[in-house]
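Q: Once you've had a glance at the structure underneath, I'll fire off some questions.
The values are calculated or read from the model by the stated rules, or taken from the named source; none is laboratory data. Here the structure is a predicted model, which means the values were calculated and not measured. Cβ sites come from the backbone with ideal geometry, for glycine too, and all protein chains shown count toward neighbours.
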Amino acid sequence: MKIAALVTALSAALEPLARENAGTLEVAESMEEARAFLDAAPARWRLVLLWDGYGSHPQAREGMTKHRVTTVVQQVRGLPAQPATRMLSYSERLEQVSRWMRSMRFPNGTDADPYGFSLEDSKWVETIRTCRAHAMTWELVAALPGFTDTITLAFPQT
């Protein structure tokens, strides 16, 4: 599975879910860009999505890997500006995003585990004083994109 295809599919699934729940989705290309998003307060809450690298897999020689994807939920502290609007508590928001990620399924032909993501890790993230942020790192077992060329290495004679 190609990185760009994974990120595109994830953002296409998560953006409407965030929007329907009065949030926004930001896709970061690096941890530095994710930090830049977290250094500014969201209107209500935001979900930052980041492809965070490959992880080891026992079948690495056969072209298998684990994609690591991080989701960061950032939400303003306190009550919503419009009291008539029910804003989820922070723990409810984390559980909501966790459900979204765990409910994703991958169809045949995507070279990914059809059962989707498993949670690898979760931790608090420093953010601006008026917000809180928590990162969840997910793993997805998938095949690496294939290759057709063989590159033979040359070593100097000693």
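Q: State the number of residues belonging to the range 50-65 that are surrounded by fewer than 21 Cβ atoms within 10 Å (Cβ to Cβ) and either β-branched (Val, Ile, Thr) or touching a residue at least 12 places away in the same chain (Cβ under 8 Å) (or both).
A: 9
Q: Another question, then. Please find, within the range 133-149, the residue that is farthest from MET31 (Cα to Cα) out of those that are among the β-branched types (Val, Ile, Thr) and touching a strand residue (DSSP E or B) at 6+ places or on another chain (Cβ under 7 Å).
A: VAL141
Q: Could you identify the single residue in THR70, THR65, THR110, THR152 that is more than 29 Å from SER30 (Cβ to Cβ) and of a type in the set (S, T, N, Q)?
A: Of THR70, THR65, THR110, THR152, the one residue that is more than 29 Å from SER30 (Cβ to Cβ) and of a type in the set (S, T, N, Q) is THR152.
Q: Further question: Could you please find all residues in the range 111-140 being in a strand (DSSP E or B) and touching a Gly at 6+ places or on another chain (Cβ under 9 Å)?
A: If the condition is that a residue be in a strand (DSSP E or B) and touching a Gly at 6+ places or on another chain (Cβ under 9 Å), then GLU120, TRP138, GLU139, LEU140 are the ones that fit.
Q: Continuing with this model, one more query. Assuming LEU88 fulfils every condition listed in (1) closer than 19 Å to MET31 by Cβ; (2) in a loop (DSSP other than H, G, I, E, B) apart from one, which condition is it?
A: If we test LEU88 against (1) closer than 19 Å to MET31 by Cβ; (2) in a loop (DSSP other than H, G, I, E, B), just (1) comes out false.
Q: If you don't mind, another one. Looking only at the range 107-120, filter to residues that are within 14 Å of ALA9 (Cβ to Cβ) and without any contact (Cβ under 8 Å) to a residue 12 or more places away in the chain; which one of those is surrounded by the most Cβ atoms within 10 Å (Cβ to Cβ)?
A: Residue satisfying both the conditions and the ranking: PRO114.
Q: For the range 121-158, enumerate the residues that are within 21 Å of ALA60 (Cβ to Cβ) and surrounded by fewer than 11 Cβ atoms within 10 Å (Cβ to Cβ).
A: Scanning the range 121-158 gives GLY146, PHE147, THR148, ASP149, THR150, ILE151, THR152, LEU153.
Q: Sticking with this one: Counting only residues that are at pLDDT below 95, give me the strands (runs of 3 or more DSSP E) lying completely in the range 1-78 with at least 3 of them.
A: Counting at least 3 such residues, we get 45-55, 64-76.
Q: Out of (1) under 19 Å from GLY116 (Cβ atoms); (2) touching a helix residue (DSSP H, G or I) at 6+ places or on another chain (Cβ under 6 Å); (3) not aliphatic (A, V, I, L, M), what's the single condition that is false for GLY55?
A: Only one criterion in (1) under 19 Å from GLY116 (Cβ atoms); (2) touching a helix residue (DSSP H, G or I) at 6+ places or on another chain (Cβ under 6 Å); (3) not aliphatic (A, V, I, L, M) is unmet by GLY55, namely (2).
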